[in-house]
Structures are given as C-alpha cells and as structure tokens.
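Enquirer: Shown below is the structure under consideration.
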Amino acid sequence: MTINRRNFLILISATVGYMTLGACQASEDNSSSSSTSSITTSTPKIETEIAQNTGVFQLTPLPYEYDALEPYIDAKTMQFHHDKHYAGYIKKLNTAIAKYPELQDKSAEDLLRNLNTLPEDIRNAVKNNGGGYVNHKMFWEIMTPNGGGQPEGKIANAIQESFSSFDDFKAQFNQAGLNRFGSGWAWLVLNKDGKLEITNTPNQDSPLLAGNYPIMGNDVWEHAYYLKYQNRRSDYLNAWWNVVNWPEINRRYETAIS
Ligand code: MN
C-alpha cells in the first residue's frame with residue numbers, strides 16, 4: 001500500500017486524536033491510581049480504537065462522560081451505543097467508500113443527499129452506515145447533562161406555531177417513536193417546503209434521503225434503551241426529554257432556515 005500525503009495526514013490525526021482520548025479515559029477510569037498503571041491498563045483499548053479509526057470518517061469521543069445522562073440513559077447503554085454500534089457504522093462506511101477515492105472528500109450528509117448517484121454496489125452500505133454515522137453524530141450532540149426543560153430561541157416559537165403547544169409537540173413526537181415498528185428513529189425535520197414536520201424512519205434511514213433536514217431525532221432501536229427499559233419504549237421516550245439539548249437543537253434549526 002502506498003501512503004500518499006492525504007492518507008498520511010489522516011493517519012497522524014487519527015493517532016493524535018486517540019492519544020488524547022486515551023489520556024482522558026486513563027484519567028477517568030482510575031483517578032486514584034498512578035498515571036503509569038492507568039496507561040498500562042488502557043493500552044489494548046487504545047490500539048483497538050486506532051485500528052478502526054484510520055478511515056475518512058472518524059470516531060470522536062462523546063462530548064460528555066458515559067454516565068452523564070444518568071438516570072435517564074445509563075452508562076452501560078451509552079458505552080455500548082457509542083463504542084460498539086456507532087463505531088461499527090463508521091468502520092463500515094469507511095470500508096464502503098475505500099475503493100472510490102472520488103467520494104472521500106465528500107461529507108456523509110452529501111453522500112446521503114445524492115445516494116442515487118453513487119456506485120450501485122455501495123449504495124445500500126452508505127444508506128445504512130452513512131445514516132448510522134450522521135444520525136448518531138447528531139444524537140450525541142442534541143443530548144446533554146442537565147438538559148431538558150423548555151425549548152429556547154427561534155425553535156421555541158416555531159414549535160409553538162407548528163404544533164400549538166410544546167406538550168402537543170412532545171406527545172406527537174413520542175407517538176412517532178412508538179409507531180415505528182422495529183428499529184428506527186423519530187424525527188422533527190424541516191421539510192422540503194420549509195415547514196416543521198414530525199416523522200419517523202426505519203433502520204438508519206436519514207431524513208436527508210428524502211430531502212428533509214433533521215432538526216432533532218430520537219433513536220428507537222432497542223440498543224438505545226433495552227438494558228434499562230427492556231420492552232418499555234414509551235418510558236424511554238418520556239424520560240428522554242430530560243436530556244434534550246435545546247440550545248444545540250435551536251442552533252441546528254437556525255442553520256437549517258438560514
Ligand atoms: Mn443507535
């Protein structure tokens with residue numbers, strides 16, 4: 001394999017990124033022990049993550065600790081969800097585009113928006129794993145410790161105008177999550193007509209596939225809630241509002257309408 005300048009830079013940035021992540025994890029995992037033993041115990045983990053993090057799309061750490069969304073979303077769910085499921089989508093997305101250099105400077109969003117122009121042999125892989133990548137990237141960011149409460153900014157007014165009240169909006173959004181049979185997502189999107197709309201999609205289908213912009217979405221795959229809530233998807237949907245990051249959702253809305 002020849003290493004050109006671009007691949008070399010990606011490799012370096014991935015390595016530096018994971019050295020940083022490794023250092024964070026070492027200090028979180030065991031703050032009372034000496035730094036030497038922390039580094040020793042976390043070495044295998046770092047090597048694994050570097051190995052799957054050398055592609056175009058990068059696995060970045062969560063913007064908060066695994067247990068930061070407790071008691072609404074438990075630490076074990078967040079760890080498996082991020083480190084295994086999300087990492088898996090990224091790895092498979094990188095594999096799908098690896099043999100098409102012309103696709104490697106495109107954003108995942110653009111790949112999804114233009115899915116039908118992609119080589120046929122990777123279309124399904126990009127739909128599933130590109131969707132898994134962008135859906136979860138948004139999902140981590142629209143949640144936050146000490147979140148919840150009322151919407152703020154322009155999205156607050158837009159929700160009021162479109163759904164008559166915040167409570168009505170929440171009820172319709174939860175219903176969209178309950179109505180999705182099997183695995184999928186509940187969404188608030190800005191649709192092609194510039195209107196807010198509640199919808200749901202199966203699997204990892206992104207609203208971008210249909211020309212809609214995802215303002216916020218909740219993951220209703222069992223992997224998102226089963227360890228804590230088992231079959232009680234409704235309880236998960238209700239609890240989720242306590243971790244919603246309204247400033248970030250408002251930022252996405254303002255980006256979408258500008
Ligand atoms: Mn998920």
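Enquirer: So, in the stretch 139-179, of the ones that are more than 16 Å from the ligand (Cβ to nearest atom) and of a type in the set (V, I, T), which residue ends up nearest to I249 (Cα to Cα)?
Expert: Going residue by residue through the stretch 139-179, those that are more than 16 Å from the ligand (Cβ to nearest atom) are 144-176, 178-179.
Now narrow it down to the ones that are of a type in the set (V, I, T): 144, 155, 159.
Numbers: T144: 11, I155: 8, I159: 12 Å.
Within the stretch 139-179, the match that is nearest to I249 (Cα to Cα) is I155.
Enquirer: Just one of (1) away from the ligand (no atom under 16 Å from the Cβ); (2) surrounded by 20 or more Cβ atoms within 10 Å (Cβ to Cβ); (3) under 21 Å from L237 (Cβ atoms) trips up G131, so point out which.
Expert: Tallying (1) away from the ligand (no atom under 16 Å from the Cβ); (2) surrounded by 20 or more Cβ atoms within 10 Å (Cβ to Cβ); (3) under 21 Å from L237 (Cβ atoms), G131 fails exactly one: (1).
Enquirer: Just to be sure I understand the filter: pairs with C-beta atoms under 8 Å, separated by 6 or more residues or on different chains, first member in the stretch 243-258 and more than 19 Å from G149 (Cβ to Cβ), second member part of a helix (DSSP H, G or I). Which pairs pass?
Expert: So the pair list comes out as I257/K154.
Enquirer: Shifting gears a bit: Which of the residues that make up the stretch 150-170 are hydrophobic (A, V, I, L, M, F, W, C) and free of Cβ contacts under 8 Å to residues at least 24 places away in the same chain? Before the answer, list the steps.
Expert: So in the stretch 150-170, the residues hydrophobic (A, V, I, L, M, F, W, C) come out as 155-156, 158-159, 163, 166, 169.
Passing the criteria: only F166.
Enquirer: Only one residue in G130, G147, G182, G177 is in contact with a helix residue (DSSP H, G or I) (Cβ under 6 Å, 6 or more places away or on another chain) and assigned to a loop (DSSP other than H, G, I, E, B). Which one?
Expert: The conditions single out G147.
Enquirer: Can you name the residue in the stretch 171-203 that is surrounded by fewer than 18 Cβ atoms within 10 Å (Cβ to Cβ) and touching a residue at least 60 places away in the same chain (Cβ under 8 Å) and is also nearest to F139 (Cα to Cα) among such residues?
Expert: For the stretch 171-203, the residue satisfying everything is N203.
Enquirer: With L69, L112 as the choices, which residue is under 23 Å from N203 (Cα atoms) and either assigned to a loop (DSSP other than H, G, I, E, B) or more than 14 Å from the chain's Cα centre (by Cα) (or both)?
Expert: Details: L69 fails: under 23 Å from N203 (Cα atoms).
Being under 23 Å from N203 (Cα atoms) and either assigned to a loop (DSSP other than H, G, I, E, B) or more than 14 Å from the chain's Cα centre (by Cα) (or both) holds for just one of L69, L112, which is L112.
Enquirer: Look at K92 and say whether it is of a type in the set (K, R), assigned to a helix (DSSP H, G or I) and farther than 13 Å from G55 by Cβ.
Expert: no
Enquirer: If the requirement is being within 13 Å of the ligand (Cβ to nearest atom), within 19 Å of R251 (Cβ to Cβ), in contact with a helix residue (DSSP H, G or I) (Cβ under 9 Å, 6 or more places away or on another chain) and at pLDDT 95 or above, which of these qualifies: H136, H81?
Expert: After ruling out the rest, the residue left standing is H136.
The values are calculated or read from the model by the stated rules, or taken from the named source; none is laboratory data. Quick caveat: nothing in here was measured; it's all calculated off a predicted structure. Because the Cβ atoms are built from the backbone with ideal geometry, glycine has one as well, and the counts that use them run over all protein chains shown.
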